[in-house]
Amino acid sequence: MKKVAAALTAAVIVLSVVGCGGGSETDPISLLVDSANAMSAVSGYHLSGSIEMWSGGGSPATQGQPLNMDIEADVQNTGGEIRQHMYMTLKASGEEDYVIEVYIVGGAYYQKLPGQGWMKESSDAYQTTSMNLGLFDSEQMALMAEVANGAEVSEDDDQQTAISFQLDKSYFDASLKLYEEGQGVSEELLRIQEAIEDFQADVRIWIRKSDNLFERMEMAYTMKGMPEMEEIGSSMQVVFSDYGRVSAIELPQEAEQAQEYVPQ
């Protein structure tokens, strides 16, 4: 599954902000920002979804075959700390399902890999080296609103409003700059940034009219110039639920003895 992990790394900056979650019904940027504020104020929620990734450059990492992933996560946001408990089920063609259990507690990221036990790294490092679905980051949402192209709002029905917009490489570059100012960017991601020739993303979010919270989200992107992959793409669907009804998230005792993760 190391090859699968390499493919996932390419989606880092894109997917690290999608678990956020209306504001003016006519101004899409205000709607996006106000929804972000509403999401940061709730005590917790559940999200579930699926992702399909592919590479188009003949890379041995995926051999051109799509990688599918199911995600189930609880997010707790109380006392100024965001905690998360997540299961990621990777479904690569020709391989058995690969389930990763994840906790983010006390500023650290813990993951349990099949056959390897628990490992940990700082959650700051995790934000720039792995998937970060479900955690809210107001700075990232503000950045997304600042560089969004073609933003539009539509009345989906009486219960929710839909907002759609596009992102390009300016968002990818600005995200890395924001990380660099906050907690630093890994050398690997800096190399990826230098190599990327083009990045395009289409985002659509459904927001509940009653409380400005996210109902669901869809995102599709393509990225060209990836080392050894030439081009990769992804499509994602996420549904949000159980606002304010998520149980307290506590790190299991066995994870407290997790080994420190050292990137290869």
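The values are calculated or read from the model by the stated rules, or taken from the named source; none is laboratory data. Everything quoted here is computed from the prediction, not taken from an experiment. Cβ sites come from the backbone with ideal geometry, for glycine too, and all protein chains shown count toward neighbours.
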- Task: Inspect all residues belonging to the stretch 41-58 and state whether any of them is of a type in the set (A, V, I, L, M), modelled with pLDDT of 80 or more and assigned to a helix (DSSP H, G or I).
- Result: yes
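Residues checked against (1) touching a strand residue (DSSP E or B) at 6+ places or on another chain (Cβ under 8 Å); (2) modelled with pLDDT of 90 or more; (3) farther than 19 Å from Val102 by Cβ:
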| position | (1), (2), (3) |
| --- | --- |
| Glu197 | yes, no, yes |
| Val239 | yes, yes, no |
| Asp242 | yes, yes, no |
| Arg245 | yes, yes, yes |
- In the stretch 126-166, which residues are at pLDDT below 70 and in a helix (DSSP H, G or I)? Tyr126, Gln127, Thr128, Thr129, Ser138, Glu139, Gln140, Met141, Ala142
- Message: I'm trying to understand the selection: among the residues of the stretch 70-108, which are among the small types (Gly, Ala, Ser) and crowded, with 18+ Cβ neighbours inside 10 Å?
- Response: Ala73, Ala92, Ala108
- Query: When both residues are 6+ apart or on different chains and their Cβ atoms are under 6 Å apart, which pairs have a first residue that lies in the stretch 241-262 and is in a loop (DSSP other than H, G, I, E, B), and a second that is surrounded by fewer than 18 Cβ atoms within 10 Å (Cβ to Cβ) and among the hydroxyl-bearing types (Ser, Thr, Tyr)?
  - Reply: Gly244/Ser43
- Task: Taking Ser210 as the residue in question, decide whether it is among the hydroxyl-bearing types (Ser, Thr, Tyr), in a loop (DSSP other than H, G, I, E, B), modelled with pLDDT of 90 or more and loosely packed, with under 15 Cβ neighbours inside 10 Å.
- Result: yes
- Task: Give the residue that is surrounded by the most Cβ atoms within 10 Å (Cβ to Cβ), with candidates limited to residues of the stretch 235-264 that are more than 17 Å from Gly106 (Cβ to Cβ) and in contact with an Asp or Glu (Cβ under 6 Å, 6 or more places away or on another chain).
- Result: Val246
- Working only within the stretch 213-222, note down all residues that are part of a strand (DSSP E or B) and out of contact with any Asp or Glu (no Cβ under 6 Å at 6 or more places or on another chain). Phe214, Glu215, Arg216, Met217, Glu218, Met219, Tyr221, Thr222
- Message: One residue is enough: does the stretch 115-125 have a residue meeting the conditions among the hydroxyl-bearing types (Ser, Thr, Tyr) and either crowded, with 20+ Cβ neighbours inside 10 Å or modelled with pLDDT under 85 (or both)?
- Response: yes
- Message: Condition first: among the hydroxyl-bearing types (Ser, Thr, Tyr) and at pLDDT 90 or above. Now tell me which residues in the stretch 88-114 satisfy that.
- Response: Thr89, Tyr103, Tyr110
